[in-house]
Ligand code: GDP
Ligand code: MG
């Protein structure tokens, strides 16, 4: 299939079509303006609603005259004086004779008539070539072939007309060979001129049919068609007209009658005769009017170059050419809508903004439907196979463009949806915190998720085009939901961290008070039960660590339970809760150690020891302040009190429970490191001796509160301080006497 079609119809405007259009000129050149003519006469947009008639016959037999009367055309006719050939090549004109709408005599719409140059060869010499070529052209295009013949020529078997008919039959067989599938027939309409009236039309008709049969049997038939009959290819119709010059009125009357036969007809059911008019659907060549000029040119090119004329191929070529043309035309409308959207997205991308287009489904889907529909209306009239291929091509072309826009749009809708989900949850949490912390995190998340999903689902649905698979964005919806869940998990983790931080803070505060309270008890050296005289340390001193450990574990267990409760309320997983509690316990331990270290700071602990000592030294067992007299055993009391307080120092130096005689079971308290957690990656967690094997620090080290040197230092300082108190007591005793 070479592209021997080329665009026609873009020749300069301002054509003069008063005489119709010369489709083929005397040099056998095709007229590039044919489509202009069809457009100007409103035939081009008629689809299949047009008819094509060709007229044949010897020169100067009044063919042009007949057409002008019958169809109101303005073909050149020979003047009575000059008597030379006028019609050259092939002319075409549209019927101008229009009966009023609703009139029974109304002719068919859009009748095109072709006036074919006469064929007696008088002025073309022996050139029978044009006769053959014009016959082929007429048969390839026309539904009705009018054969114009004088009455006195009827029965003259050897006449010029018979040569023409022979050519027509041969040429028709040639076409048929290439197009056996098609049911196309033609009507041979004999118009007998200068009918005197002595011989009835019926007789003339019989004579003509006999002649036609004889011609038919005389022509060489291709293989396989030897037994074919003329009726297999042609229908026949007959009309007679009186002499135009001798009987002008009767001529007019009969022409008027004849014109009424040019309307749609049908085959009568009983005798298969034509009824109604001469245009039977089966005669129509099924070339859409907007492709007629291209088709005619293609056909003529083949004919003029003596190539085998193969009409199915011509129709396929025409379909390809026209479908491409129509596709280009409908894409103009599509571009008008889509290009601005493409530019809008490109601009947005350059500026790093989202390429979201409001109402994209309506705009894009609408443009697609309009484009495809417009293509369908025009292009579906052409060769079915070519049409569906070209339609698929067009669809994939517009879908590629739409898909790019839709994908960018939906990707950005996705991003915006995720961001606004995250923002909405965060804002709701903040509002909840402001309102006193009584918010349901899980509910906030599930409400916002539903809202976001709903919005995305609506957007995706608005993009759906019925029957277009790629517009089903179900997978994208699932992807969106998956990311919402990921973001939810992240937000939940953050919420969990916030909760943990709150709990840790409250643990710290409570520990501060409770541990401080326990250490303060050191200041009252008499304690609750013990008696300093016996040297026995009161229980409140001895079991300091038991008490500290107890308040510590109570506070942490209570906080852990609260944490677990709250975390579960927003669907934190078992693992997340376990990790949270594990972290809480570790951090609480560190907080406790810090609190203890604070108590153990030199100034603090020395003050506590001094209070403890002074309490023992300055008060008696009943808590009454001693007034030293010189006779008192000041030294004895002093030594006892000092030793009792000194005995506290090794006790304080290491955390050890009286109950078990060992360090508290920190390992059991903190619990095993949860699976999947690596302490080295938790940068807010400090390694704990005996728990983590960092730095080789042991549980013993972890429990050490005072180092050996600090201890000695503390002992020395305490002793110095106690000595001072003793000296002062001594002085006051002596002073008391002098007073
Ligand atoms: P064409 O060459 O077949 O197109 O013939 P034209 O229409 O040009 O007419 C040729 C001549 O025949 C003109 O001089 C007409 O006046 C004349 N003519 C037209 N109609 C008739 C007719 O019905 N009878 C006769 N005898 N002459 C006619
Ligand atoms: Mg003529």
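With the structure loaded, tell me whether residue 315 is part of a helix (DSSP H, G or I) and not assigned by TED's automatic domain parsing to the domain that holds residue 140 or whether it fails that test. Give the derivation first.
Details: part of a helix (DSSP H, G or I): yes; not assigned by TED's automatic domain parsing to the domain that holds residue 140: yes.
Yes, satisfied.
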Practice task
Could you tell me whether any residue of region 394-414 is in a loop (DSSP other than H, G, I, E, B) and surrounded by 20 or more Cβ atoms within 10 Å (Cβ to Cβ)?
Solution key: no
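Can you confirm whether region 436-443 contains a residue that is part of a helix (DSSP H, G or I) and either touching a residue at least 12 places away in the same chain (Cβ under 8 Å) or surrounded by 15 or more Cβ atoms within 10 Å (Cβ to Cβ) (or both)?
Filtering region 436-443 for residues part of a helix (DSSP H, G or I) gives 441-443.
Next cut, either touching a residue at least 12 places away in the same chain (Cβ under 8 Å) or surrounded by 15 or more Cβ atoms within 10 Å (Cβ to Cβ) (or both) only: 441-442.
For region 436-443, residues part of a helix (DSSP H, G or I) and either touching a residue at least 12 places away in the same chain (Cβ under 8 Å) or surrounded by 15 or more Cβ atoms within 10 Å (Cβ to Cβ) (or both): present.
Regarding residue 326, is this residue in a helix (DSSP H, G or I), in the same structural domain as residue 372 (by TED's automatic domain parsing), within 20 Å of residue 293 (Cα to Cα) and modelled with pLDDT of 95 or more?
yes
Could you pull out the residue among 188, 175, 156 that is in a helix (DSSP H, G or I) and either more than 28 Å from residue 303 (Cα to Cα) or touching a residue at least 24 places away in the same chain (Cβ under 8 Å) (or both)?
On the way: 188 fails: in a helix (DSSP H, G or I); 156 fails: in a helix (DSSP H, G or I).
Matching residue, one of 188, 175, 156: 175.
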Handout entry: Single condition residue 202 does not satisfy, out of (1) touching a residue at least 12 places away in the same chain (Cβ under 8 Å); (2) farther than 28 Å from residue 306 by Cβ
Key = (1)
Completion exercise
Expected output for region 268-289 (first residue free of Cβ contacts under 8 Å to residues at least 60 places away in the same chain, partner surrounded by fewer than 19 Cβ atoms within 10 Å (Cβ to Cβ) and assigned to a loop (DSSP other than H, G, I, E, B), Cβ below 6 Å, 6+ apart or cross-chain) is 275/268
Exercise for the section: Inspect all residues belonging to region 712-730 and state whether any of them is surrounded by 15 or more Cβ atoms within 10 Å (Cβ to Cβ) and at pLDDT below 85. Expected result: no
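If you scan region 647-662, which residues turn out to be surrounded by 13 or more Cβ atoms within 10 Å (Cβ to Cβ) and farther than 17 Å from residue 524 by Cβ? Walk me through it before giving the result.
So the first thing to find is which residues in region 647-662 are surrounded by 13 or more Cβ atoms within 10 Å (Cβ to Cβ), and the list is 647-649, 651-658.
Passing the criteria: 649, 653, 654, 655, 656, 657, 658.
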Completion exercise
Of (1) buried (at least 23 other Cβ atoms within 10 Å of the Cβ); (2) at pLDDT below 95, residue 27 satisfies every one except (1)
Exercise for the section: Report, by residue number, each residue of region 17-69 that is in contact with a strand residue (DSSP E or B) (Cβ under 7 Å, 6 or more places away or on another chain), within 12 Å of ligand 2 (Cβ to nearest atom) and in a helix (DSSP H, G or I). Expected result: 63, 64, 66, 67
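Looking only at region 267-304, count every residue that is under 51 Å from the mean Cα position of the chain (by Cα) and surrounded by fewer than 18 Cβ atoms within 10 Å (Cβ to Cβ) and tell me the total.
Of all residues in region 267-304, those under 51 Å from the mean Cα position of the chain (by Cα) come to 279-303.
Okay, now just the ones that are also surrounded by fewer than 18 Cβ atoms within 10 Å (Cβ to Cβ), so 281-282, 284, 286, 301.
Summing the residues that are under 51 Å from the mean Cα position of the chain (by Cα) and surrounded by fewer than 18 Cβ atoms within 10 Å (Cβ to Cβ) in region 267-304 gives 5.
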Exercise for the section: Go through (1) in a helix (DSSP H, G or I); (2) at pLDDT below 95 one by one and return the number of the condition residue 244 breaks. Expected result: (1)
Handout entry: Conditions (1) buried (at least 23 other Cβ atoms within 10 Å of the Cβ); (2) closer than 28 Å to residue 298 by Cβ; (3) within 13 Å of ligand 2 (Cβ to nearest atom); number of the one not met by residue 75
Key = (1)
Handout entry: region 126-144 - residue that is within 16 Å of ligand 2 (Cβ to nearest atom) and in contact (Cβ under 8 Å) with a residue 40 or more places away in the chain and, of those, nearest to residue 312 (Cα to Cα)
Key = 138
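Is it the case, given these coordinates, that residue 524 is under 30 Å from residue 620 (Cβ atoms), loosely packed, with under 15 Cβ neighbours inside 10 Å, at pLDDT below 95 and in the same structural domain as residue 691 (by TED's automatic domain parsing)?
Spelling it out, it is not the case that residue 524 is under 30 Å from residue 620 (Cβ atoms), loosely packed, with under 15 Cβ neighbours inside 10 Å, at pLDDT below 95 and in the same structural domain as residue 691 (by TED's automatic domain parsing).
To keep it simple, each residue is scored yes or no on (1) within 30 Å of residue 31 (Cα to Cα); (2) assigned by TED's automatic domain parsing to the domain that holds residue 112; (3) at pLDDT 95 or above.
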| position | (1), (2), (3) |
| --- | --- |
| 196 | no, yes, no |
| 208 | no, yes, no |
| 212 | no, yes, no |
| 223 | no, yes, no |
| 230 | no, yes, no |
| 251 | no, yes, yes |
| 264 | yes, yes, no |
| 292 | yes, yes, yes |
Exercise for the section: Return the total of residues in region 329-371 being outside any helix (DSSP H, G or I) and under 22 Å from residue 387 (Cβ atoms). Expected result: 0
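Residues 583, 629: which one is more than 17 Å from residue 720 (Cα to Cα) and surrounded by fewer than 15 Cβ atoms within 10 Å (Cβ to Cβ)? Break it down into steps so the answer makes sense when it comes.
Working: 583 fails: surrounded by fewer than 15 Cβ atoms within 10 Å (Cβ to Cβ).
From the options 583, 629, the qualifying one is 629.
The values are calculated or read from the model by the stated rules, or taken from the named source; none is laboratory data. All figures in this text were calculated on a predicted structure; none of them were measured in a lab. Here the Cβ is made from the backbone with ideal geometry for all residues, glycine too, and neighbour counts use every protein chain on show.
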